[in-house]
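For reference, the structure is listed below as structure tokens.
The values are calculated or read from the model by the stated rules, or taken from the named source; none is laboratory data. Since this is a predicted model, take the numbers as computed values, not measurements. No Cβ is skipped: glycine too gets one built from the backbone with ideal geometry, and neighbour counts run over all protein chains shown. Ligands, DNA and RNA are stripped out before the accessible areas are found, and what is left, the full protein with its side chains, is counted by its heavy atoms. Shrake-Rupley method; radii C 1.70, N 1.55, O 1.52, S 1.80 Å.
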Amino acid sequence: MKRIAVAEPKLGGNEKAYVLDCLETTWISSNGKYIGAFENAFAKFCNVKHAIATNNGTTALHLALVVLGLEPGDEVIVPTVTYIATANAVRYCGATPVFADVCQSTMNLNPHDIEKRITPKTKGIIPVHLYGHPAEMGPINEIAKRHGLFVVEDAAEAHGAEYFGVKVGGLSDCAVFSFFGNKIVTTGEGGMVTTNDDELAEKLRLHRGQGMDPARRYWFPVIGYNYRMTNIQAAIGLAQMENIGTALADRDRLGRWYDEALQNLADRIQLPRESTWARQVYWMYTIFLKNGGEKERDTVMQILDVEGIETRPVFYPMHILPPYKEDAVYPVADMWAQRGINLPTHQSLTKEDVDRVAKSLAVALAAL
Ligand SMILES: *Cc1c(COP(=O)(O)O)cnc(C)c1O
């Protein structure tokens, strides 16, 4: 029986041709035509003025926080349910991530849980568009404005998602994307920062390239980083962007297939919901057991694994992980994150694959 992977890149366009072009022309490092072309294509796709490519999504986050002036002793509000890179990037600046609880339907930062956590040290908020569903940016931006805070969207999982018809990436001061192998757009490893602010864009480019003055070689006005993307990565990225419409359409269709196939299990599991103002992009089709906890969730995942179906647990909340351990209670995250499962979500899946997942899931749930 064919094994169904939880994620898998699709490299069906010009990826190979563009990479070969890099090799044949020897433009394999972080100069070359594909970098600018990928950045432009990405900026156009997100409808933003600037896109600055980096070597991964975590460095994109760190770079954004550096140019926004985050310093040791500062605090940044971060949803407790996220991939650990969101919190780590804050720590790389010597600042402290202050966790907030999430909304149950989307596992995204709950705007109602932000304000009570703001202190005189708070400098910013990082909402995460988790699993491809946009965070509630309006209220979050409004709170930020009232308190003079920056907002960085962590859009690593949400290429193409929309909030009230506006694409993520252009909804705050800066946004960051990841192009890891399992993301909606991939370059193997890679990242991007998007912004509409000319001054921030200039700073991002300066700090990405070790801080070297673009007008004076080997003159370094600041301490920067080597966070550059290679031409080879960008070549793959450009080819991916040529097919982004198909990628999103395939994922939409996959979401509908799952919705239909799992409808009869709706009393046992919560299916993904789309807020009225949202366009979600199904980075990971995510379900939650309505009853039971981590033990039952892990049993379901084990049964699926035996059936040749790979799944992933929803991220553990940051406040229970050793580096960020707190005794505090985050009711929604504590109650629901441990019941969440990411089902296989990628472009090569067929309707038959989805039906097989649904059937195995029904068997697993019945076995609990
Ligand atoms: C993948 C991811 C990142 C980090 O991206 P990398 O390219 O793996 O460094 C950051 N935040 C979130 C929410 C992610 O899913």
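Looking at A17, A51, A7, A64 in this structure, which one is among the hydrophobic types (A, V, I, L, M, F, W, C) and out of contact with any strand residue (DSSP E or B) (no Cβ under 9 Å at 6 or more places or on another chain)?
Result: A17 is the single residue among A17, A51, A7, A64 that is among the hydrophobic types (A, V, I, L, M, F, W, C) and out of contact with any strand residue (DSSP E or B) (no Cβ under 9 Å at 6 or more places or on another chain).
Just checking, which of G237, G245 is within 16 Å of the ligand (Cβ to nearest atom), modelled with pLDDT of 95 or more and among the small types (G, A, S)?
Exactly one of G237, G245 is within 16 Å of the ligand (Cβ to nearest atom), modelled with pLDDT of 95 or more and among the small types (G, A, S), namely G237.
If a residue must be surrounded by 14 or more Cβ atoms within 10 Å (Cβ to Cβ) and more than 13 Å from the chain's Cα centre (by Cα), how many such residues does the stretch 171-227 contain?
27
Inspect the stretch 189-197 for any residue being without any contact (Cβ under 8 Å) to a residue 12 or more places away in the chain, assigned by TED's automatic domain parsing to the domain that holds Y83 and more than 27 Å from Y18 (Cα to Cα) and give the result as yes or no.
no
Just to verify a result, which residue in the stretch 115-140, among those that are hydroxyl-bearing (S, T, Y) and not in a helix (DSSP H, G or I), is surrounded by the fewest Cβ atoms within 10 Å (Cβ to Cβ)?
T119
Among strands (runs of 3 or more DSSP E) lying entirely in the stretch 15-114, which contain 2 or more residues that are within 16 Å of the ligand (Cβ to nearest atom) and over 23 Å from G237 (Cβ atoms)?
Those strands (runs of 3 or more DSSP E) span 75-79, 96-100.
Answer with yes or no whether A366 is of a type in the set (A, V, I, L, M), buried (at least 19 other Cβ atoms within 10 Å of the Cβ) and outside any loop (DSSP other than H, G, I, E, B).
no
Would you mention how many residues in the stretch 14-26 are more than 23 Å from the chain's Cα centre (by Cα) and under 21 Å from V185 (Cβ atoms)?
The qualifying residues number 8.
Name every residue in the stretch 309-333 that is over 16 Å from A364 (Cβ atoms), open to solvent by less than 50 Å² (accessible area, probe 1.4 Å) and of a type outside the set (A, V, I, L, M, F, W, C), in order of residue number.
P317, H319, Y324, Y330, listed by residue number.
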